[in-house]
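Asks: Have a look at this one.
A short reminder: the numbers here are calculations on the coordinates, not readings from a lab. Predicted model only: the values in this text are computed from it and were never measured. Neighbour counts run over all protein chains shown; Cβ positions are idealised from the backbone, glycine included.
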Amino acid sequence: MLKRTPLISIVAIILTIFNLLYFAGCSSGQTILITLTDSSPQGMAEYIYVGGNVNNPGFYPLKSTDSVESLVKAAGGIDSEPEDCQIELIINNSDDTAQKININRAEAWLLEALPGIGKTRANAIIQYRIDNGSFKNITELLKVGGIGQDTFDNIRDLITVDG
């Protein structure tokens, strides 16, 4: 059951989305998908997936001070003409029950959804799997060309080799 404060926050997010899209020139007939999960325990970081017509779709840390506009900017801004604009926001907590991306099975488009992983790095991950077999643990991802410690630290809680 949603508490009053989260409900107010959800309504504020929805209103902000419509305002953002209106002022960005997106037509009102475009689809906006918002998926909400249960609130995470206090102190747990939350992540939001920003997708659709943005330049760098992926998971971004969500702070209580974030606006939809700041999230779209973090995702590289809108990448298409206003009439083709579609923004997708999926809010999810980062606890162990959240679904993680299996780097041994994920296709390129799913790997690209990870922060800091674009087409080139996603293809490098797939090529590493082809050349070396499955990853035995997530730290082995550091052996993939173009993936350094900073990138790994940003995605370590979002990936797995299990399942």
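Asks: Which lysines have a Cα lying under 25 Å from the Cα of Lys119, excluding residues fewer than 8 positions away in the same chain?
Replies: Straight-distance partners of Lys119: Lys73, Lys100, Lys136, Lys143.
Asks: Continuing with this model, one more query. Measuring from a point 7 Å past the Cα of Thr120 along Cα-to-C-beta, which residues in segment 128-163 have an amide N at less than 11 Å?
Replies: 146-147
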